[in-house]
Ligand code: PMV
């Protein structure tokens, strides 16, 4: 334990032992448009989901927290442990190494309310919360760019070659336009609702990204055309989002879903949910995230959101969440979770 500041504080100030734990938070994210193509150089639009939070608590390992019973969705890791490291652990170990504390052993408990492997950015969000917790434990200020880099270190482990959209979105305070590693805040002038539906099927981002690469490599000229079309759709979506053109944005989402289907990342279950949302009156719908399972995102008029949610659950979604687009405008996003009609896990 080289130069452990927390330990120092405990030892040298018995009346005020100082913090023995650091706490960090982050959120889930949803990609509006640009998943997969963003890996190949297009922009993408994404936003954080604060009602699906992650909380991480970091303690010096000598505090002995191993006996705690963890709730479902919660997990623990210890830096420097033998065995393959998760994305959050890689991010924290890289942070400690950069601070010259690579030999320190820290226990991190991650309380994750984000369903795993559903395209909602759980790995990036857990890494973001864990790094923030360890930074607080050590009293370190971490610049936003550094935090992004650290989360990205973990994402490369979790996903292979990650574009950085997840790392950017889970650390953002509102919708972002992401292009080639840089995120900028976006204007939202839309009065509608987004309904997110969980297929209940976990998808592997690494597997999906590898499959898309194979499709694109098969015919480079066709790949260039597809990526150019994707860029046009994403650019149009940004205009529709700021200009409040819900119907046009829905059409754009459907066109992007067609591209994702060509790339091989949709599934019959996803197609069924997209159709159910449209039949219930949604402007448009598409998968969000890596696909091959995961979640579907539907855009709908606000008054139709409950019916669209019900239709999605009837069509097999295990749960839905509704995000008013007006809430995307402010820094404090809000998300109202709808009651799942039935909870089944496949
Ligand atoms: O892991 P997911 O489902 O949140 O998706 C990440 C988005 C991808 O474009 C599929 C991969 C990437 O690195 O951008």
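Note: relative contact order over the chain, using C-alpha pairs below 8 Å and six or more positions apart, is 21 percent. Each Cα pair under 8 Å and six or more residues apart adds its separation to the average, and for the range 187-328 the resulting relative contact order is 43 percent. Once both labels are positioned 7 Å from their Cα atoms along Cα-to-Cβ, the gap between residue 228 and residue 99 label points is 4.9 nm. Exposure proxy shown here: for 220, 313, the number of other Cβ atoms within 10 Å sets the order, fewest to most, as 220, 313. Counting neighbouring beta carbons within 10 Å and listing from fewest to most, the residues 245, 74 come out as 74, 245.
Take the Cβ atoms of residue 247 and residue 215, set R0 to 41 Å, and the FRET efficiency comes out at 0.85.
Relative to the longest principal axis of the Cα atoms of the chain, the long axis of helix 220-243 lies at roughly 90 degrees.
Distance between the pseudo-spin-label points of residue 272 and residue 258 (7 Å out from Cα toward the beta carbon): 2.4 nm. Over the Cα atoms of the chain, the radius of gyration divided by the Kirkwood radius equals 1.00; this is the Rg/Rh ratio.
Remark: 153, 126, 112, 295 ranked as 153, 112, 295, 126, counting other beta-carbon atoms within 10 Å and listing the fewest first.
Can you compute the FRET efficiency between residue 146 and residue 81 using 1/(1 + (r/R0)^6), with r the Cβ-Cβ distance and R0 = 25 Å? Round to the nearest 0.05. Result of the calculation: an efficiency of 0.55.
The radius of gyration of the Cα set in the range 187-328, together with its Dmax, comes out at 15.0, 44 angstrom.
What is the helix-to-structure angle for 122-137, meaning the angle in degrees between its Cα long axis and the longest Cα principal axis of the chain, kept from 0 to 90 and rounded to the nearest 10? Orientation of helix 122-137: about 30 degrees from the principal axis. The label point for residue 204 and the one for residue 74, both projected 7 Å from the Cα toward the Cβ, are 3.0 nm apart. Segment residue 180..residue 21, full-extension length gain: 53.7 nm, with 0.36 nm per residue of separation and the alpha-carbon distance subtracted. The calculated Kirkwood hydrodynamic radius for the range 5-183 is 16.4 Å, given to one decimal from all distinct C-alpha pairs. Axis of helix 246-262 versus longest Cα principal axis of the chain: the two differ by about 80°, to the nearest ten degrees. Taking packing as the residue-averaged number of other Cβ atoms within 10 angstrom, the listed peptides 96-103, 161-168 run from highest to lowest as 161-168, 96-103.
When the Cα atoms of the range 216-298 are aligned to their principal axes, the ranges along those axes come out at 37, 31, 17 Å in descending order.
Values quoted throughout were computed directly from the atomic coordinates according to the rules given, and no laboratory measurement underlies them. Everything quoted here is computed from the prediction, not taken from an experiment. Neighbour counts run over all protein chains shown; Cβ positions are idealised from the backbone, glycine included.
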